[in-house]
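Below is one structure; the comments refer to it alone.
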Amino acid sequence: MRYIKAFLTFWYDFIVGDDWTIAVSIAVAIAVTFWLDKSKIQAWWLLPAAAILTLGVSLWRAAQAE
Amino acid sequence: MSGMFPILATFLAASIEGTEMVAILVGVGATRGWRSTLLGAAAGFAILAGLTFALGTALLNLPIEWLRLAVGALLLILGLQWLKKALLRIARPSARRQAAARSQMALQPESLKKIDWYAFVVAFKGVLLEGLEIAFIVVTFGAETNQVGSAVIGAVTALVVIGGIAFLIRGWLSRIPREWLRFAVGLLLAAFGTFWAAEGALVRWPGGDLALLGLLGVMTATAFAYLALLRHNARLNHKRSLI
């Protein structure tokens, strides 16, 4: 049981870290990219834009909290 | 001459994939510790060898897009987290940064008993994904020219050359300040992660693999812009605290 908990805790820390908004934003961006591509719309730009925006928002929130 | 073509072709193609793999391993090894990184890489190679021997040409039927999506997404998330932490540390006033660096140095020595699972997992995923792509290259070229052995020689030579270069530069990397190393590795992981995750979502990048260089360029420029804003903000806060 201890190992299962340690395993799950590791993956939670790995994916969520100290800011859950990064993981959620990227997951949403990937889902939208997939959907746009299925709709035959060029979507290569979406994930880089989402990554840059997510980083900016996360930095701003951290700077405000300091 | 006919035997040279698959060797050269797989050497060149494997060099690109191998450089991506080694860049991740060297970056993670230099920031998190070599033991756990190399253990993760070894585990990745072991799984890869097992898959290759077990499946042979059926390897080409593996759903690599799903693996790219999963690995890419995780690397992108991790890369953004590392980049964020590195930028916040670098932007701090120098006195606070030096104090933080001293406290980090006190915790530095990599434990011989405990594994750094972050380093292990990132190394494992990088080796598995890039290794599978190299295996695809070998199987494809080898099957088309009916010279699988020559294709294997080309791929292995590429890995040995790139691995050798990485081994030579690892000492130089250890002299770079830790925050800047984390900054560079965060950028690499974020760029690779974005590239692979989008490919996994069936996106076709304009310019193919060259788009990765464009991604690195744009993300680097953005990271430095954010750093300038953070430093400006830190200076303003410092001035306000003096009033």
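Table for the structure above
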read-out	value
Rg/Rh for chain A, where both radii come from Cα atoms and Rh is the Kirkwood radius	1.13
Where B:48, B:159 fall by accessible area, highest first, once all protein chains stay in place (1.4 Å)	B:159, B:48
Exposure rule at most 10 other beta-carbon atoms within 10 Å, DSSP loop trypsin sites (Lys or Arg not before Pro): chain B longest free segment	B:1-112
Residues residue B:238 and residue B:172, FRET efficiency given R0 of 22 Å [Cβ-Cβ distance, rounded to 0.05]	0.05
Mean residue ellipticity (222 nm) of chain B, computed from DSSP H runs ≥ 4 via -39,500 (n - 2.57), nearest 500	-29500 deg cm²/dmol
At R0 = 35 Å, FRET efficiency that the Cβ-Cβ distance of residue A:16 and residue A:38 yields, to 0.05	0.80
Average Cα contact separation per residue, chain A, under 8 Å, 6 or more apart, as relative contact order %	30 percent
Rounded Å value of the spacing that divides the Cα centres of segment B:224-243 and segment B:135-188	40 Å
Links that overshoot a 28 Å alpha carbon limit, given the list B:84/B:114; A:38/B:84; B:84/B:125; A:40/B:84; A:40/B:85; A:5/A:38	A:38/B:84; A:40/B:84; A:40/B:85; A:5/A:38
Carbon plus sulfur fraction of accessible area for the protein assembly as shown, probe 1.4 Å, in percent	71 percent
Chain B, relative contact order [Cα under 8 Å, separation at least 6], %	41 percent
Distribution of pairwise C-alpha distances over chain B, 10 Å bins, in %	7, 27, 33, 19, 9, 3, 1, 0
Net lengthening on full extension, residue A:2/residue A:53 (0.36 nm per residue, minus Cα-Cα)	14.6 nm
Interface area, B with A, accessible, probe 1.4 Å, both sides summed, Å² nearest 100	2900 Å²
Cα centre as origin, Lys/Arg/Asp/Glu Cβ charges: chain B dipole, Debye	1960 debye
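The values are calculated or read from the model by the stated rules, or taken from the named source; none is laboratory data. In this text, all values refer to a predicted model and were calculated from it rather than measured experimentally. Don't worry about glycine lacking a Cβ; one is built from the backbone with ideal geometry, like all the others, and counts go over all protein chains shown. Areas reflect the complete protein model, heavy atoms only, side chains present, ligands, DNA and RNA absent. Shrake-Rupley method; radii C 1.70, N 1.55, O 1.52, S 1.80 Å.
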